[in-house]
Amino acid sequence: MRVILLVLLLFPLLLPVKARAMVDPATSTALSTANLDLLLERAMSENLIAGGVVVVGNHEGIIATAARGQISPLPGAPAITDRTLFDVASLTKVIATTPAVIKLLDEGRISLTDTLSRWFPELAGTDKGNITILHLMTHTSGLSDVMVGQGGSVEGLVRKVAAQRFRGAGTGFEYADINFILLGELVHRVSGERLDQFCREQIYEPLGTRDTSFLPSREGNDIAPTSGTQGGVVQDENARRLGGVAGHAGLFSSAYDLARYARLLLGRGTLDGTRILSEQAVAEMTTPYACNNGRVKRALGWDMASAFSAPKGNYFSDASFGHTGYSGSSIWIDPQQDMFVIMLTRRLDYRNVHNFNQLRRNVSTYAAADLKGIAGELTPVAEVERVKAQVIAASVALISQPRRHKFASLKLRDDRRAAKCSVKPGRRTLQARAAHRGTKVTKVAQLSTSISVVSSKVLLALGNCASMPEH
């Protein structure tokens, strides 16, 4: 019984907390990475990841880099750095397909109001023909995902789209890869170039992101694998069946290259004096569109406020935007506060979505807190680890003592309301609900007052995090 009571008391201390600022960005060009390092190490100890890298920066460049682990489990594998290549999964949607479509929009070659029937004559005369490019880019097309056939035929995929049941475009937000598979093919049909070639010539080469590509030419043993020990093979099955080049997945990149792309957007289309996207194009790309009666906010390709927004953390503004990838990647950019946070990982646990989203949330919260110079309001991770060790040590000592006193029982009611987002099976329509939870904790009277006070401070620093779906 005493052990059970102790576990109930210590449980809140084992939850992740927000970080405390370490520097004033006005007086320093570098941030301490101690808390980010500790977050990665904790995630590794919990077998969420085998390693990863976090990069924090602004329009001028990278301010801090934290990296832990090796590229692969092979003996002698090199350490992960900001130059390590990762399969970025769904970041492909916003690092490749979205800027490619925006380029075509900026050149007047397509319009957001263009219907699919214009570029996909196979859909003319069907109820899918009136879906617009805007619907695809905001995931409001009403389309559901379909599997690519064994032959990897885009034509076969479009036939499946034409045949699927359909409730109509614009009826609500439903995240689906098929939207960006079609957009990737749209780039091909409009420009005459395959998506990878168009992105290389129009975006990556001018941007100087030499390692960002589909079908990476580097040796697979220096690319972080998403499964097994061999890197360079895209994890997503549909992307593999489409030959490794698709609008929804297939891109490989490094944290260093992604930082240059983030700086491009913070620079309103210009990086290091070179204009790659027009200022109007960047503004159009990041304009918010409200979906599901305002419960979801998306930009063109980008997420702004939805059930997928864990990397937004607690200190990014409402004008910020970002995206996640199933392989363990995320990027979040805030033009209002001039900052970005990028995380790439070798993900191990794909089932514990809640804890992985908490990792994403904490990484952004800690990094943003440091950049904003917030001090004294949040408990640093390192301090929490030290407090946990103190509490556990004191508790073990207490349990080992002969029983001479009875436990005094103090019921503490902890009412928490957390905004949770769920997805209805079948329709996958976002639905907001409030979760109310009352818990009772029995407190051991013999624990020292100082430890109780510190525990209370840690509890106050805890943030509520709803379990969320992911891309």
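The values are calculated or read from the model by the stated rules, or taken from the named source; none is laboratory data. In this text, all values refer to a predicted model and were calculated from it rather than measured experimentally. A quick note on method: Cβ atoms are made from the backbone with ideal geometry, for glycine too, and the neighbour counts reach across all protein chains shown. Accessible surface areas use protein heavy atoms only, side chains included; no ligands, DNA or RNA. Shrake-Rupley method; radii C 1.70, N 1.55, O 1.52, S 1.80 Å.
Restricting segment 249-266 to residues that are hydroxyl-bearing (S, T, Y) and not in a helix (DSSP H, G or I), which is farthest from T98 (Cα to Cα)? Break it down into steps so the answer makes sense when it comes.
Just the residues of segment 249-266 that are hydroxyl-bearing (S, T, Y), to begin with: 253-254, 256, 261.
Next, from what is left, pick out any that are not in a helix (DSSP H, G or I): 253-254.
On the way: S253: 16, S254: 18 Å.
Applying the filter and picking the extreme gives S254.
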Legend entry - Close pairs from segment 160-172: first closer than 19 Å to Y289 by Cβ and assigned to a loop (DSSP other than H, G, I, E, B), partner among the hydroxyl-bearing types (S, T, Y) and at pLDDT 95 or above, Cβ under 9 Å, at least 6 apart: A169/T132; A169/T140; A169/S141; G170/T132; G170/T140; G170/S141; T171/T140; G172/T140
Inset, instruction - Determine if segment 344-351 includes at least one residue that is among the aliphatic types (A, V, I, L, M), over 10 Å from the mean Cα position of the chain (by Cα), open to solvent by 30 Å² or more (accessible area, probe 1.4 Å) and within 25 Å of T84 (Cβ to Cβ). - result: yes
Legend entry - Count - residues of segment 98-133 that are in contact (Cβ under 8 Å) with a residue 24 or more places away in the chain, under 20 Å from L265 (Cα atoms) and either open to solvent by 30 Å² or more (accessible area, probe 1.4 Å) or of a type in the set (F, W, Y) (or both): 2
Inset, instruction - Please work out which residue is farthest from the chain's Cα centre (by Cα), limiting yourself to segment 49-70 and to residues that are within 28 Å of G247 (Cβ to Cβ) and open to solvent by less than 10 Å² (accessible area, probe 1.4 Å). - result: G57
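Mind checking which residues of segment 134-157 are open to solvent by 10 Å² or more (accessible area, probe 1.4 Å) and over 25 Å from the mean Cα position of the chain (by Cα)?
G149, Q150, G151, G152, S153, V154, E155, G156
Name the residues in segment 240-272 that are without any contact (Cβ under 8 Å) to a residue 12 or more places away in the chain and more than 23 Å from D82 (Cβ to Cβ), would you? Give the steps one after another, and end with the answer.
Quick first cut of segment 240-272, residues without any contact (Cβ under 8 Å) to a residue 12 or more places away in the chain only: 240, 270.
Hit for segment 240-272 is R240, nothing else.
Whether any residue in segment 235-248 is in a loop (DSSP other than H, G, I, E, B) and touching a Pro at 6+ places or on another chain (Cβ under 7 Å) is what I want to check. Walk me through how you get there before you give the answer.
Just the residues of segment 235-248 that are in a loop (DSSP other than H, G, I, E, B), to begin with: 235-236, 242-248.
With the extra rule that they be touching a Pro at 6+ places or on another chain (Cβ under 7 Å), the set shrinks to none.
For segment 235-248, residues in a loop (DSSP other than H, G, I, E, B) and touching a Pro at 6+ places or on another chain (Cβ under 7 Å): absent.
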